[in-house]
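Where a number appears in this text, it was derived from the coordinates with a stated rule and is not lab data. Computed from a prediction, not measured in an experiment: that's the story for all the values here. Cβ placement follows ideal geometry from the backbone for every residue including glycine, while neighbour counts extend to all protein chains displayed.
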Amino acid sequence: MAKIDLCAQRASRRFRRAFTLIELLVVIAIIAILVGLLLPAVQKVREASYRAKCQNNLKQWALAMHNFHDVNGRLPPGATNNDTTHHTVRQTWVRFVWPYIEQQNLTNKDDPTQPFYVPPCTVVYTLNGLTGVDVPLYYCPSDTLGADQDQVTSAQGGYDRRRGNYVINWGTIKYDTAPKPTDPSAPFAHLKGNRATPRVTKIGDITDGTSNTLLMSETLRAWSHEDNDWRGDIQNDDGVFKFMAITTPNSSSPDVVNWAIPNNDPLMPVTTAGSEYSAARSRHPGGVNVTLCDGSVRFVSNTINLATWQALSTMNGSEVVGDF
């Protein structure tokens with residue numbers, strides 16, 4: 001009897017029915033639905049992590065600015081040009097604060113009498129120059145482009161350097177434009193509209209209060225590998241190393257950049273017609289991270305009132321700035 005039962009069990013296993021095609025499709029559909037429900041949550045957690053990392057980067061930049069101020073009695077100039085009278089060379093604020101973002105080795109190898117586009121800062125057709133060093137603090141993780149797109153390369157001259165996502169506050173004045181004497185000031189500007197006269201700002205000049213004045217925000221880097229798009233080109237005094245509060249963050253109005261390539265990215269509208277200005281921009285949903293002159297970091301919504309945003313961009317406008 002036991003032998004008959006064993007044979008029956010073996011026969012049952014031999015003829016057990018497999019999954020039908022319909023059942024398989026149902027299982028796949030259920031898995032797809034579960035993945036679809038889970039994916040937004042995963043993306044939300046990942047973006048929260050990216051945003052926190054970006055805020056930490058801005059905090060480090062703010063501390064670097066303050067440390068520069070402690071040593072030199074002023075903030076670094078936004079950008080300078082080759083001017084023998086004023087003993088300046090072409091460069092931006094980035095080069096000035098290298099020692100204060102744990103990049104003392106870059107400063108040790110630097111020659112401050114040379115502009116950024118020649119050695120030791122730039123070694124043509126390579127990233128061996130100081131501006132080609134991959135500094136993690138340059139990048140917002142939400143705007144990761146890939147290792148081959150973190151630099152700008154000129155097909156004509158081979159000027160290789162790294163881009164970045166963090167830019168200084170230029171207020172409401174377009175680049176290479178002289179502010180009027182009655183205009184409220186931003187921490188960074190050119191007093192006569194040219195790079196031979198960079199504004200020199202002390203903390204004491206920020207009479208609106210350091211907690212009511214923007215110091216830095218974010219920008220987006222260009223996708224082009226060539227030196228014909230200056231967005232995110234923070235080490236080039238021609239580049240987008242600054243933001244203006246002429247428009248609100250992530251505005252749909254195009255930035256004006258003299259060298260740029262429209263890439264159909266709705267977050268990076270651009271034109272090459274007109275005087276240069278560019279908005280604060282990021283890939284964080286809903287707004288941008290900023291640091292104020294007191295070193296605090298905030299997330300500012302794209303829907304911030306333009307008047308409030310512009311008031312935050314000035315350091316001596318005597319505006320009353322409420323919650324933002």
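Applying D = kT/(6 pi eta Rh) to the stretch 207-320, where Rh is the Kirkwood radius over alpha-carbon pairs, T corresponds to 37 °C and eta to 0.692 mPa s, the Stokes-Einstein value obtained is 226 µm²/s. Its residue count N fixes a reference of 2.2 N^0.38 Å for the stretch 266-324, and the Cα radius of gyration divided by that reference is 1.27. In terms of surrounding Cβ atoms within a 10 Å radius of their Cβ, L267, L106 rank from fewest to most as L267, L106.
From least to most packed, judged by other beta carbons within 10 angstrom and beginning with the fewest, L130, L220, L34 follow the order L34, L130, L220. Length, then width, then depth: along the principal axes, the Cα atoms of the chain run 110, 49, 40 Å. Net charge in the neighbourhood of L75 (other residues with Cβ under 10 Å of its Cβ; Lys, Arg +1, Asp, Glu -1) is +2.
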